[in-house]
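What follows is one structure encoded as structure tokens, with my remarks underneath.
The values are calculated or read from the model by the stated rules, or taken from the named source; none is laboratory data. Please read these numbers as outputs of a predicted model, since none were measured by experiment. All Cβ positions, glycine included, derive from the backbone under ideal geometry; neighbour counts span all protein chains shown.
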Amino acid sequence: MADWEVVIGLEIHAELLTKSKVFCGCSTQFGGTPNSQVCPVCLGLPGALPVLNRKAVELAIKAGLALQCNINQYSQFDRKHYFYPDLPKAYQISQNELPVCSDGKVELQMGETVREIGIQRVHLEEEAGKSLHAGDSIMSAAYSLLDYNRCGIALIEIVTEPDIRSPEEARLFLEKLKTLLEYTEVSDCKMEEGSLRCDANISLRPIGASSFGVKSEIKNLNSFRAVQRALEFEVERQKAVLAAGESVLPETRHWDEAQGMTFSMRSKEKAADYRYFPEPNLYPLEIEPGWVESIKAELPELPDARRDRFVAAYGLPIYDADVLTTSRDLADYFETCMQEVKDAKLVSNWVMGEVLRWLKAHGLEAAESPVRPGELAGLLRLIQENVVSNIVAKEVLAEMFASGKPAALIVEEKGWKQVSDSGSLEAMIEEVLADNPGPVADVKGGKTKAIGFLVGQVMKASKGTANPQKVNEMLRDKLQVK
């Protein structure tokens, strides 16, 4: 890529966490029987009039504030016309020239550099229905079925400036955006349920050029990994086209996850004519500054501020603070545990390590953990009090997840209390020394690192119950090593 610069812009749709749809009272609950959560308004039947959901506007404002946008006092709804089977009115109520929010930014930490990605706009609109394709993909489907349950669900569309310069940066931006939307409880961001979706526009231009190249729009991006992979493929495809002296065509392309390729869907030679005009059945939206201020006052501590506080207040490394604050639930889990265990690094290591590993393996969020923060704190106190070693503590935690029993009870039932008295350790140490003459000779010859091996052998013999510090001390005494 020495001769070309990558230019990427993203369009993200996020379903808002409202109980009813944006212009009617139908339920937004996921997974209902097809076409059971509909009414004349969201089906677009003649004479049915929309009524704006105040909560949807509040959440759109929240998103704008989290994205450092201007909240526009005056905005307007428009009809966006296009014909597709999952859009029963043949138009979508959206916002065109006057969105709720505009001119924001997201800051990304890229190594030692902070990259600023501009947010062009955040506008409010209604969701279309869902097409269920009979086949592996839309490209090969023999027919499609339509479920209108999603018609009319409240959406925000977030449009970035073309500021993103690599596929990896696009993925990191989406991860940061997801964190912001979850922290503020604007959206649950469940990509598997379609509540967070992304289309990507990508082009290449000569390094140093100010004008943009011809862009391709990529659709069917169902995960952050898919976004990065699709953009990486498209970079190489466009690079090859340009290297051959040909022109990149303006088109919409479909990402095929199985094949790891994009395919042309339709040309974009002409700009889409959506024939926007103001929605005649809705008044323009006037947002009072006092309402915006009250929403701002209710915002939680956002991820960057929380990360910085974790570093300053708890003395955590920036890496730990970054990991812990990627999820509001995880950050809450850590801080609740910290109320009982005043050792930030100990708590951080266990939450980031064993707890997070178990949760990921079972597809759970921190808020769904069967081991609550207070229960983890109970285990960590046993470590601090030398009742169990770190090795045994991992076994205890696994048993806590499996059985729901508290740490102290498991330790008692299993006989896993740490052995620290010299008399109980003496025989095991003597046996290890007798069975390992080589490492013993190494230690006596000045290679003191071999003591670590001998400690490990005692820990193995004791099934992890020996106090490693006490074992280390006794081995040094016996081998006359300071």
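Matching residues to (1) among the hydroxyl-bearing types (Ser, Thr, Tyr); (2) outside any loop (DSSP other than H, G, I, E, B); (3) more than 23 Å from the chain's Cα centre (by Cα); (4) surrounded by 12 or more Cβ atoms within 10 Å (Cβ to Cβ):
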residue	(1), (2), (3), (4)
Glu5	no, yes, yes, yes
Ile8	no, yes, no, yes
Thr18	yes, no, no, yes
Cys24	no, no, yes, yes
Gln29	no, no, no, no
Gly32	no, no, yes, yes
Cys39	no, no, yes, yes
Leu43	no, no, yes, yes
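Report those helices (runs of 4 or more DSSP H) wholly inside segment 340-400 carrying at least 2 residues which are touching a helix residue (DSSP H, G or I) at 6+ places or on another chain (Cβ under 6 Å) and surrounded by 14 or more Cβ atoms within 10 Å (Cβ to Cβ).
344-350, 373-384
How many residues are closer than 17 Å to Glu175 by Cβ and aliphatic (A, V, I, L, M) when one looks only at segment 317-347?
Final tally of qualifying residues: 6.
What is the number of the single condition among (1) in contact with a helix residue (DSSP H, G or I) (Cβ under 8 Å, 6 or more places away or on another chain); (2) surrounded by 14 or more Cβ atoms within 10 Å (Cβ to Cβ) that Arg309 does not meet?
(1)
Kindly establish whether Ser294 is in a strand (DSSP E or B) and either among the aromatic types (Phe, Trp, Tyr) or exposed (fewer than 15 other Cβ atoms within 10 Å of the Cβ) (or both).
Taking the combined requirement at face value, the residue does not satisfy it.
Being touching a Pro at 6+ places or on another chain (Cβ under 8 Å) and either at positive phi or charged (D, E, K, R) (or both) is the filter here; which residues of segment 58-78 pass it?
Passing the criteria: only Asp78.
Could you name every one of the strands (runs of 3 or more DSSP E) located completely within segment 54-148 that has at least 2 residues being under 23 Å from the mean Cα position of the chain (by Cα) and not assigned by TED's automatic domain parsing to the domain that holds Tyr319?
101-110, 113-126
So which helices (runs of 4 or more DSSP H) stay within segment 410-482 end to end and still have 3 or more residues that are modelled with pLDDT under 80 and out of contact with any Lys or Arg (no Cβ under 9 Å at 6 or more places or on another chain)?
Per the criteria, 422-435, 450-461, 468-479.
If you take the residues of segment 246-276 that are loosely packed, with under 11 Cβ neighbours inside 10 Å and among the small types (Gly, Ala, Ser), which of them is farthest from Lys215 (Cα to Cα)?
My answer is Ala258.
Condition test on Ala170, is it at pLDDT 95 or above, in contact with a helix residue (DSSP H, G or I) (Cβ under 6 Å, 6 or more places away or on another chain), over 23 Å from Leu108 (Cβ atoms) and crowded, with 19+ Cβ neighbours inside 10 Å?
When the stated conditions are applied, Ala170 does not pass them.
This table checks each residue for (1) closer than 30 Å to Phe23 by Cβ; (2) in contact (Cβ under 8 Å) with a residue 60 or more places away in the chain; (3) over 16 Å from the mean Cα position of the chain (by Cα).
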| position | (1), (2), (3) |
| --- | --- |
| Pro280 | yes, no, yes |
| Ala297 | yes, no, yes |
| Arg309 | no, no, yes |
| Leu316 | no, no, yes |
| Leu330 | no, no, no |
| Thr336 | no, no, yes |
| Val341 | no, no, yes |
| Asn349 | no, no, yes |
| Arg357 | no, no, no |
